[in-house]
Amino acid sequence: MPPRKNPAADTLAESRATSDQAIQLLDAAVRHVLEHGIGDLSLRNIAEAVGTSHRMLIYYFGSGDQFWEAVLRRIRHAELDARASLAVSETDPARALEVAWARYSADNYLPIIQLLFEIYGRAIRDRERFHVFLDDVIGSWTGALTERFHKQLGLSTSEAKLRARVEVATMRGLLLDLVTTGDRKGTTAALKYFARMQNAPRAAGAKPGHES
């Protein structure tokens, strides 16, 4: 028999997790993991690093897994907000891609990218624990880009989805290349090459998803 829901308890838990004290702890945790990585996911270690106790983190967030999900969600939303602001300011797809690259490959943003790849590695080995991250980390990006390509470029929904998936994969692949090799010149040149390809006119008779 499934457990009964308790709306009052859910409301109390949500109010704790969104309180000023909880947000301060969350921000401190985000700063710590951006500088040091997520480590062994020990609640005691992260609590000590941010100047509190693991009991207080559980009090505010409900459990260790819920705390880490809140940390990851806060980082993901910051990334999405940054991409949304870039999309609004740039209507040319190639230029928007280059502006996005300039932001994500900047020295002050690379810690977020490095953390993202660190979490990827953990998540694919522990899918149950990180299922929310895995469900969101691709879909939230391709969904936003699909809508943008459909509206701005007049692409069909199916073609817009394909283009969005290729763009996200290319951007993240080149970012992984950058944090691995440190070759900023080479990865930037590759990104600009890809951006020009995206703006190239399609060959007559070519169909999305097929070779011309």
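The values are calculated or read from the model by the stated rules, or taken from the named source; none is laboratory data. Keep in mind the model is a prediction, meaning the values are calculated, not measured. Using ideal geometry, Cβ is built from the backbone for each residue, glycine included, and neighbour counts are taken over all protein chains shown. Heads up: the accessible areas ignore ligands, DNA and RNA and are worked out on the full protein's heavy atoms, side chains in. Shrake-Rupley method; radii C 1.70, N 1.55, O 1.52, S 1.80 Å.
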Within segment 151-172, residues among the aliphatic types (A, V, I, L, M) and either within 13 Å of the chain's Cα centre (by Cα) or not in a helix (DSSP H, G or I) (or both) come out as Leu155, Val168, Ala169, Met171
Does segment 173-182 include one or more residues that are of a type in the set (A, V, I, L, M, F, W, C) and either in contact with a Pro (Cβ under 9 Å, 6 or more places away or on another chain) or farther than 30 Å from Asp65 by Cβ (or both)? yes
Whether any residue in segment 188-195 is at pLDDT below 95 and either more than 14 Å from Ala106 (Cα to Cα) or open to solvent by less than 50 Å² (accessible area, probe 1.4 Å) (or both) is what I want to check. yes
Qualifying positions in segment 38-53 - of a type outside the set (Val, Ile, Thr), open to solvent by less than 40 Å² (accessible area, probe 1.4 Å) and modelled with pLDDT of 90 or more: Leu43, Ala47
Of all residues being outside any helix (DSSP H, G or I) and among the hydrophobic types (A, V, I, L, M, F, W, C) in segment 92-150, which is farthest from Asp177 (Cα to Cα)? Just the residue, please. Phe130
With the structure loaded, tell me whether Glu35 is in contact with a Pro (Cβ under 9 Å, 6 or more places away or on another chain), open to solvent by 50 Å² or more (accessible area, probe 1.4 Å) and at pLDDT 80 or above or whether it fails that test. yes
